[in-house]
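The values are calculated or read from the model by the stated rules, or taken from the named source; none is laboratory data. Treat the numbers as computed from the prediction; the structure is a model and nothing was measured. Reconstructed Cβ throughout: ideal geometry from the backbone, glycine too, with neighbour counts over all protein chains shown.
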Amino acid sequence: MAHKNKIPRFDDAWRQIRRQIINTAATEGINFFKETFDRQGFTDVAFTPWEPKKRQDGYKILLRSGDLQRSVQVFNKSEKHIVFGSDMEYAEVHNEGGRVTIPAGIVRADLPLE
């Protein structure tokens, strides 16, 4: 009786490798964006430091509570793209710029605006 050689399932192996690559890229991306908070600047082609805070209060830029840094997450991932973001209300203002309107009568806002 002859033994049959088992043919490897290359399709399954390749799908698993692709999933691992996507998951590794997502993890590396999250780490990259979180490191920008520690480095106090962003690296594209070269490192660009963030502008210094107008109010020196002993905290690094965007790191008073650390909530924004911890909120960095993957919103969507596929073989073609990975979307990173934050669900913090004030994340877009810090990233894109803009104005924050504080209603009349509020003396102090606990928003970590820089």
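A few points about this structure:
Every residue, every condition in (1) under 20 Å from Glu96 (Cβ atoms); (2) of a type in the set (Lys, Arg), yes or no:
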{"residue": "Gly41", "(1), (2)": "yes, no"}
{"residue": "Val45", "(1), (2)": "no, no"}
{"residue": "Thr48", "(1), (2)": "yes, no"}
{"residue": "Lys53", "(1), (2)": "yes, yes"}
{"residue": "Gly66", "(1), (2)": "no, no"}
{"residue": "Phe75", "(1), (2)": "yes, no"}
{"residue": "Val83", "(1), (2)": "yes, no"}
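- Within segment 5-32, being closer than 18 Å to Ser78 by Cβ, among the β-branched types (Val, Ile, Thr) and without any contact (Cβ under 8 Å) to a residue 12 or more places away in the chain holds for Ile17, Ile21, Thr24, Thr27.
- Restricting attention to segment 86-97, the residues that are at pLDDT 80 or above and part of a loop (DSSP other than H, G, I, E, B) add up to 5.
- Residue list for segment 33-85, filter: closer than 24 Å to Ile21 by Cβ, touching a residue at least 24 places away in the same chain (Cβ under 8 Å) and not in a strand (DSSP E or B): Phe33, Lys34, Val72, Ser78, Glu79
- Qualifying positions in segment 20-73 - modelled with pLDDT under 90, of a type in the set (Ser, Thr, Tyr) and under 16 Å from the mean Cα position of the chain (by Cα): Thr43
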